[in-house]
1. Could you please find all residues in the stretch B:731-755 being surrounded by fewer than 17 Cβ atoms within 10 Å (Cβ to Cβ) and among the polar types (S, T, N, Q)?
2. On the basis of being under 21 Å from the mean Cα position of the chain (by Cα) and either within 16 Å of the ligand (Cβ to nearest atom) or within 15 Å of B:SER694 (Cβ to Cβ) (or both), does B:SER716 make the cut?
3. Return the residues of the stretch A:32-58 that are loosely packed, with under 15 Cβ neighbours inside 10 Å and either of a type in the set (Gly, Ala, Ser) or more than 8 Å from the ligand (Cβ to nearest atom) (or both); say none if nothing qualifies.
4. Is it the case that the stretch B:153-169 has a residue that's among the basic types (Lys, Arg), surrounded by fewer than 16 Cβ atoms within 10 Å (Cβ to Cβ) and modelled with pLDDT of 95 or more?
5. Checking the conditions here, which among A:ALA142, A:ALA134, A:ALA156 is surrounded by 24 or more Cβ atoms within 10 Å (Cβ to Cβ), small (Gly, Ala, Ser) and more than 9 Å from the ligand (Cβ to nearest atom)?
6. Out of the residues in the stretch A:225-254 that are more than 14 Å from chain B (Cβ to nearest Cβ) and in a loop (DSSP other than H, G, I, E, B), which is surrounded by the fewest Cβ atoms within 10 Å (Cβ to Cβ)?
7. Search the stretch A:65-78 for residues being part of a strand (DSSP E or B) and of a type in the set (Asp, Glu), and hand back the single one that is farthest from the ligand (Cβ to nearest atom).
8. Go through (1) at pLDDT 95 or above; (2) more than 8 Å from the ligand (Cβ to nearest atom); (3) within 14 Å of another protein chain (Cβ to nearest Cβ) and name the single condition A:SER92 misses.
Amino acid sequence: MPRGVTLYTLTPPKFDYKRASSVEEACKLLATTDGAKVIAGGQSLLVAMRLRLASPAVLVDIGHISDLGNISEEGMGLNIGATCTHSKLARSKEVMERFPILCEAAARVGDEQVRNRGTIGGSISHADPAGNYAPVLTALNAKFAVVSASNRRTIAASNFFEGPYTTVLNGDELVEKVVLEKKLSSGTKEGHSFMKFSTMPQEFATVNVASVVAIKDGKFEEVTVALGALLPKPRIMPELGESLIGKATTAENIRQASQKLQLGSEIISDYKASAQYRTHIAKVLVARSLLTAVNRATGAE
Amino acid sequence: MTIQSSQEKRTEQTYVGVAYPRLEDLRLTTGKAKFLDDLSVPPGTHYAVILRSPYAHAKIKRIDAEDAIKVPGVRAVLTAVELLSVMDPLPLALRSPIRYYPIATDRARYAGEPVAVVIARTRAIAEDAASKVNVDYEPLEVVADIEKALAQGAPNVHEAVGSNTVWKKTFSYGDVGNAFEQAVKVVSVDVRVNGYTVPPMETFGVVAEYDRGSDVLTEWCNFIGPFTMAYVVAKALRLSQDRFRVIVPGDIGGSFGTKLAVYPYMALIGACSIFTGVPVKWIETRMEHFVGSTRAATRLSHLEMALSADGEFLGLKARITDDIGAYPRSPEPGHLLKSVSNFTGPYKIANLEISGEYVTTNTLPTSPIRAFGRPHLCIPLEKLVDKCAKITGTDPLELRKRNFIQPRDFPYTTASGGVYDSGDYGAAIEKLKQIFDLDGARADILEKRREGRLVGLGFAVGIEPSVSNMAYLDLAIPEEERQKATFMPHSGGQHSATLKIEPDGHIVARLDSCPQGQGHETVAAQLVASVLGVNPEDVRVLTGVDTFNVSWSISSGTYASRFGSLGISAVYSAALDMRKKLTEAASKLLGVSADDIVMENGVLFSKSRRDLKISSKRLVGTVYWNPGSDALKGGDHTLSVTRTFNVETLGPATLDNKVNASATYGFIGTAAAVEVDRDTGSVSILKYASVHDSGGSVNPGIVEQLCVGAANQAASHALHQELIHDDRGQPLNITFGDYYVRTAEDFFTPIFGSAAKKSPFTPLGTKGVSEGDNMTGPAALLIAIQDALYEYNADIDTVPFTAERIWSRFLSKNNLGESASSRSDVA
Ligand SMILES: Cc1cc2nc3c(=O)[nH]c(=O)nc-3n(C[C@H](O)[C@H](O)[C@H](O)COP(=O)(O)OP(=O)(O)OC[C@H]3O[C@@H](n4cnc5c(N)ncnc54)[C@H](O)[C@@H]3O)c2cc1C
């Protein structure tokens, strides 16, 4: 980088390009090539490269590996391949039936062009704190199947994100799929809601909220709310569960619980929104999304 | 495509007033248009990358480009040291010791100011090499806003000026003192309009080729005019105008005024080509556009109205402070001066005083952005009028009507010299009430308020000036100087059109306009087709300018809403001349008098003897191939006409500072209903309607499309668009990811109505139109927000007024979210 000048570039630095035809081949390339980096939809990586904020020596393209973007059912759960695009996810019937919140989050990523190219694997690996999926997958207790040339492991969403643009992934590792499980006891109804707050609908969020509730006999059985965008990484708010579980699913109970939220001092504050405003919006959104989740669970919506 | 029409009978004006489908759209929507970056470049073209200052204010101590120059493929790394050998400062409209170059000399005065240019065989090589340039600075204290610039002991952006105030002046008309003495009430408002821009899709670009053999510099650029700026560039590059060729392509990917400010880059890239001897191409990046192109001024205004007992506007006083960034570049101080002659808008106000102060800061310099300076004026003025209505307990529309210039007053001369052509503002308001369904809207508001919702109504009106009379800038020059015999006053603002019929009968219309989506091809074709009795598709219209090949003037270009009045008039006049030529030739060939000739459906015939006729195709053929025939001998039989149209009221400024800044004056009235989300402060537009007086539109479809865009820009401007920098002058929102621009997905649909009053100053009565909503839109929306927040006694004093501002200033004073409502989404 130059010293003493600001440079607004359009071209990426020189790089090599390799197209992998299988996950194994991709892993091998990553393990054996210096400065290699995975490219999927390119919606974050290419932007960074053109601004010369990233300068990988070799791009390993996983976008052409057949079946890597598939959605498959497993019991009541789902496996979502890493290169599944936001558009595909948003329109998937299988996902809509089981985890509608994920379709909501996918449909609210950027604009149609971005959704047509960007992938779920790229999005979580990129770990933009304002990304839509992180809070949703954390709230859903998702797991990520990760592979490298020498290893294979499963990482829970709640352990995956470390901070802005950082995850626990090693440089030679690849997210292969997102694994979602579901177990519902009889008589329990489930409701989801994702809400994104932004100045314009297509922009990155200033606050994201993912709510997942289980309701039995008009009472909260489970409450999982994860916040995104206003914190360096997604955060589950366990106190909401503590104050709501066992209580009636009324708007008043929800309002009281949301008002009591303590978000701490880590809240992002910038020209887009002050920490104060973000904190306030988070509380509003938590209340609204919980109520929506309840209404969906009980069929009121 | 010939003058011989294949279709049925056509008479004059068949296509005038028709929403004819746009002829340019097939090309534009199928990716076949050629924008600047698509043009082929001269052989040997090199690519420029501009290195910019990271500091908003710093001394440049040393630029070390040694390593960069060694990169294979690099031709040169140029700084002010090299470029000042081929360049003088760009002339300013203001008298000032400031020297404005397109590149920093010893000091950088805004973050983003060019400090060096790398020129290489490819853009990628230039960018590689650019990262090897090192610059040493001595950072200086930064003056990032008006308050700091005017504070005691503030550092000076320009030491030579000795202050950050670069211009200060009070204009006085009528007897303001007396008006305020007579007043029963004086009402005042304060408004701050933050710096903003309306960024186009296509960024700036210049290709410059200096030819040593002929000493001619040719530049291809997406510059929109006025070509006064081409003169400024030639002057800076020490070129006579016959050696400076500017070629603007027919397709420009949006501008909204911004592309006037391509001119400093025309000078910079031109200098690079002159210095290196190779053609140089520069295409601006998106981030560069935000930090280095242009913006609208930041303005503080304080307005006071003197009111009589029955609500008459006796006098208006304004104190205006504009922050115009690091350099007061031309056409500043236009943000204020362009509006001086029509400062009172549609109101009859005989006594007026405007005090203007222009301040430099360490921020991006300014230039006209869609509706140059008028949002800055309309928002406080309409807020003031709204407040007058509240204070006097009058209906806001009735108070406006009471103070309007009346139909019988036209042509009307304002206190400050503006000559308004025509209008019936009261009728337009009635139309507005009707299309907005004002009674229904009011009932709806009451109903929603009963439900506890924060909803409100706002109105704003304004005049829509068209054309820019260069005379207005002379107001920046001290009167003493204007009195001298050596002073040459400026005035006028003409438009040219050339019409030609080719030997095979094809019609070509050549305009001197630089459209950026305004549909000039379609409108010109409709006009010519109507006059010459053919189909619009039969007329090939060429837009864009080539100063070596097009009849142009220093006013040429597309800005200041000028096509609707002057452009249309020039094309129409040229078409009439052409018809006259054809008729005269036909009269000679047929041996009948010219007034006996009728032109219909591609045939010219004698009214009195219908069997005497000639097809226009044969007529054209005869003129070209057989001008020596007995019948045609001795006449002028070229089938080419150029008409330049100017409106006579565009005279020079007087010594008492009266001037008429525009040729025609449309009217716009806007009504808006909004809802404020009690929990978040987010604003939704429930309803929005505008009535325009365009004098009558040649293509109402195009006018409506342009106004839909303007209304949506207005919403963005009112609610969130501002260029944000920190107190060190660092721009913060410099991508479309954080400077939000509405896309097709986010557009709301305004309701439009027409209340046309023909202009007596143009042959078809047309006026300029489509910038109106950029003025009244933000005003009406902000007034509506104030109304929605009536419980809080809200004073909306900042533009934009974001959701967070609404929350932190008003809503947060309440308890959190009484309603954890079930609305499923909030964005
Ligand atoms: C205009 C615009 C608006 C946007 N708006 C939003 C928004 O509102 N909400 C939102 O959430 N996102 C938004 N995004 C980001 C979008 O979600 C991106 O698609 C996503 O961040 C990256 O996915 P990708 O497939 O394009 O990844 P790439 O850009 O190809 O890669 C991104 C990073 O992930 C790595 N990577 C990719 N795939 C894998 C993998 N399988 N395993 C390991 N590492 C991998 C790459 O090496 C790289 O570091 C927006 C993007 C744009 C351009």
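1. Within the stretch B:731-755, B:THR735, B:THR743, B:THR749 meet the criteria.
2. No: the conditions fail for B:SER716.
3. A:THR32, A:ASP34, A:GLY35, A:LEU53, A:SER55, A:ALA57
4. yes
5. A:ALA142
6. Within the stretch A:225-254, the match that is surrounded by the fewest Cβ atoms within 10 Å (Cβ to Cβ) is A:GLY246.
7. Here the residue is A:GLU73.
8. Just one mismatch for A:SER92, condition (3).
The values are calculated or read from the model by the stated rules, or taken from the named source; none is laboratory data. The model shown is predicted, which means the values in this text are computed figures rather than measured ones. Ideal geometry is used to build each Cβ from the backbone, glycine not excepted, and the neighbour counts take in all protein chains shown.
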